[in-house]
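The next block holds one structure in the form of structure tokens; read it before the comments.
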Amino acid sequence: MNTHADVIIVGAGPVGLLTAVALAQEKISVLVLEADAVISNAPRAAVYFPSTLAVLDELGMLEDVAAQSVKGISFATRVPEFNFISEIRHEVMRGITYDYQLHCGQDEIAKIAMRHAEALGVEVRFNNKVTDLQQSPSGVTLTVETPEGSSDLRGSWVIGADGARSTVRRLLGQTFDGHTWENRFVATNVYCDFTKHGYCPANIIADPLDAGVVMAIDKKGLWRVTYQEDASFPAETHRDRIPGRYANILPPGEPYEIVSSNPYTIHQRAASSFRVGRTFLAGDSAHATNPLGGLGLTGGIWDGMILADLIAAVMRNEAKDEVFDRWAAERRRVFWEVASAGASENKRMVEEKDLAKRKIDMENMRATAENPELSRLMMLYPFRLIGDVIRPDSRWADADPTGRIGLDFSERRSQFL
Ligand SMILES: Cc1cc2nc3c(=O)[nH]c(=O)nc-3n(C[C@H](O)[C@H](O)[C@H](O)COP(=O)(O)OP(=O)(O)OC[C@H]3O[C@@H](n4cnc5c(N)ncnc54)[C@H](O)[C@@H]3O)c2cc1C
């Protein structure tokens, strides 16, 4: 059994496994360590925008993910109290980028990424929990607990992709700065025919009491319904409250079957630094956001893609080690200025209680849906998560279409010139 790899990735979530694929395609040896026995199927991310499709396509995974997914061609915002629906359509992206989004559980993305990574020689070890980390100028030693006992593994670099409660972040002595919301999210996977009730595959519900999200997540009729509840209710009894909440969403007597559910504490937080020595933080271990607008994993994937590219460049002596500091600072900026700012505004909007503000929000949504330029700007927002630290000869240099159509939010991408 190998005890050394160029890069050891802690965490077999979607960020860890997609990053493993990107590194392995650069011919870098990668070992992935996962504390759990299997890939988690907890109901979390479900929608993948064109900025993520660009990654899946480049990694050669798009076809496999599409085969498991529902294709969405629009995003609706619904305000039930006013019978208001605005639908922004991906057709405004035609000729610029992908004119659709894909819907499936993030466990499907992780499973497909694992298959691709293993085909490239990546080893994924389950039941391997990282408990300690020591760094030297030449590498990182991880202590790992397994059912067979504890052992040490050494990597030239380590990527902590071990989620919001990251052990790697704690072992690096990093704080997780920001705030935790007073309400929690409850995500449910449910069989129910929402199309019958006029829902398109992707819907945000704006309502002072019943704000949430309704998404189709597979071709067999599985949907995701996510809503907020007061965090003063005990999380462990959240299932008892599901029928009451569904009574507000569905007409009386409408049958539905809950398949799984999970309560989530939600945050706007980021690690004090995304890099310490030869260890990096990517995905939720580096930053956590509320899920409204689907920017958490969407941004985390780019942490990993750009980092993989930079590690490969440094290993080939095409870039200097200091580039990692620029990566770390830029990924943190992108989180606060794009992901967290966007998700926080989405959260305000869906749960807004002030009637005057709600009316302005509805007017803005109507205007956005009716104007292709505004619709396009909104649909292109996730591309801002790519940030500015991209090498001109990187495979990601042209991933963001905004520069090509003259939008200024990618003009700062000049860090390497
Ligand atoms: C209800 C909900 C809906 C969401 N919807 C969206 C969406 O539509 N779009 C979007 O972009 N984002 C969404 N998100 C956010 C998304 O789920 C996260 O951003 C995503 O899970 C981050 O992936 P990750 O790989 O960084 O971490 P994780 O998925 O948390 O994976 C971390 C892995 O590390 C493992 N691990 C932990 N500690 C150790 C250790 N010590 N040793 C080894 N392994 C360890 C864990 O077991 C886990 O498998 C949503 C989140 C929630 C809660």
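Scanning region 172-194 for residues that are charged (D, E, K, R) and either open to solvent by less than 30 Å² (accessible area, probe 1.4 Å) or touching a Lys or Arg at 6+ places or on another chain (Cβ under 8 Å) (or both) returns Asp177, Arg184.
Out of curiosity, is His197 open to solvent by 10 Å² or more (accessible area, probe 1.4 Å) and either over 19 Å from Val70 (Cβ atoms) or within 13 Å of the ligand (Cβ to nearest atom) (or both)? Taking the combined requirement at face value, the residue does not satisfy it.
Restricting region 17-68 to residues that are more than 13 Å from the ligand (Cβ to nearest atom) and part of a loop (DSSP other than H, G, I, E, B) leaves a set whose member that is most open to solvent (accessible area, probe 1.4 Å) is Lys27.
The residue that is nearest to Tyr264 (Cα to Cα), among those in region 212-231 that are in a loop (DSSP other than H, G, I, E, B) and away from the ligand (no atom under 13 Å from the Cβ), is Ala231. When region 276-285 is filtered for residues that are more than 8 Å from the ligand (Cβ to nearest atom), open to solvent by less than 30 Å² (accessible area, probe 1.4 Å) and touching a Ser or Thr at 6+ places or on another chain (Cβ under 8 Å), only Leu281 remains. Entry remark, region 244-260: residues being within 16 Å of the ligand (Cβ to nearest atom), modelled with pLDDT of 95 or more and not β-branched (Val, Ile, Thr) number 0 in total. Taking region 86-96 as the range and being in a strand (DSSP E or B) and open to solvent by less than 50 Å² (accessible area, probe 1.4 Å) as the test, the residues that pass are Ser86, Ile88. For region 110-129, the candidate set comprises residues that are more than 11 Å from the ligand (Cβ to nearest atom) and in a loop (DSSP other than H, G, I, E, B); within that set, the residue that is surrounded by the fewest Cβ atoms within 10 Å (Cβ to Cβ) is Gly121.
Here's the yes/no breakdown for (1) over 28 Å from Ile73 (Cα atoms); (2) touching a residue at least 60 places away in the same chain (Cβ under 8 Å):
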position: Ala206; (1), (2): no, yes
position: Asp218; (1), (2): no, yes
position: Arg224; (1), (2): no, yes
position: Ile242; (1), (2): yes, no
position: Tyr256; (1), (2): no, yes
position: Asn262; (1), (2): no, yes
position: Arg269; (1), (2): yes, yes
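The residues of region 193-209 that are within 11 Å of Ile249 (Cβ to Cβ) and touching a strand residue (DSSP E or B) at 6+ places or on another chain (Cβ under 6 Å), listed by number, are Phe194, Tyr199, Asn203, Ile205. Just to check your reading of the model, which residue among Arg78, Arg115, Arg89, Arg125 is in contact with a strand residue (DSSP E or B) (Cβ under 8 Å, 6 or more places away or on another chain), closer than 21 Å to Leu17 by Cα and basic (Lys, Arg)? After ruling out the rest, the residue left standing is Arg125. List the number of the failed condition for Gly11; all other conditions in (1) more than 9 Å from the ligand (Cβ to nearest atom); (2) modelled with pLDDT of 95 or more hold. If we test Gly11 against (1) more than 9 Å from the ligand (Cβ to nearest atom); (2) modelled with pLDDT of 95 or more, just (1) comes out false. Need pairs with beta-carbon distance below 8 Å; first residue over 24 Å from Asn41 (Cβ atoms) and within region 182-196, second open to solvent by less than 70 Å² (accessible area, probe 1.4 Å) and near the ligand (Cβ under 10 Å from one of its atoms); sequence gap 6+ or separate chains. Sorted first by the residue in region 182-196, then by its partner, the pairs are Asn183/Ile266.
Being part of a strand (DSSP E or B), in contact with a helix residue (DSSP H, G or I) (Cβ under 7 Å, 6 or more places away or on another chain), among the acidic types (Asp, Glu) and at pLDDT 95 or above narrows it down to one residue among Asp99, Asp132, Asp152, Asp162; which is it? The conditions single out Asp132. Residues in region 288-307 that are of a type outside the set (Gly, Ala, Ser) and open to solvent by 10 Å² or more (accessible area, probe 1.4 Å): Thr289, Pro291, Leu297. Number of residues in region 98-109 that are surrounded by fewer than 19 Cβ atoms within 10 Å (Cβ to Cβ) and touching a residue at least 60 places away in the same chain (Cβ under 8 Å): the value is 1. Every residue in region 154-166 that is in contact (Cβ under 8 Å) with a residue 60 or more places away in the chain, open to solvent by 30 Å² or more (accessible area, probe 1.4 Å) and near the ligand (Cβ under 8 Å from one of its atoms), please. Of everything in region 154-166, those that are in contact (Cβ under 8 Å) with a residue 60 or more places away in the chain, open to solvent by 30 Å² or more (accessible area, probe 1.4 Å) and near the ligand (Cβ under 8 Å from one of its atoms) turn out to be Asp162, Ala164.
The values are calculated or read from the model by the stated rules, or taken from the named source; none is laboratory data. The structure displayed is predicted, hence computed values, not measured ones. So basically every Cβ, Gly included, is an ideal-geometry build from the backbone, and we count neighbours across all protein chains shown. Quick note on the areas: whole protein, heavy atoms, side chains included, nothing else; ligands and nucleic acids left out. Shrake-Rupley method; radii C 1.70, N 1.55, O 1.52, S 1.80 Å.
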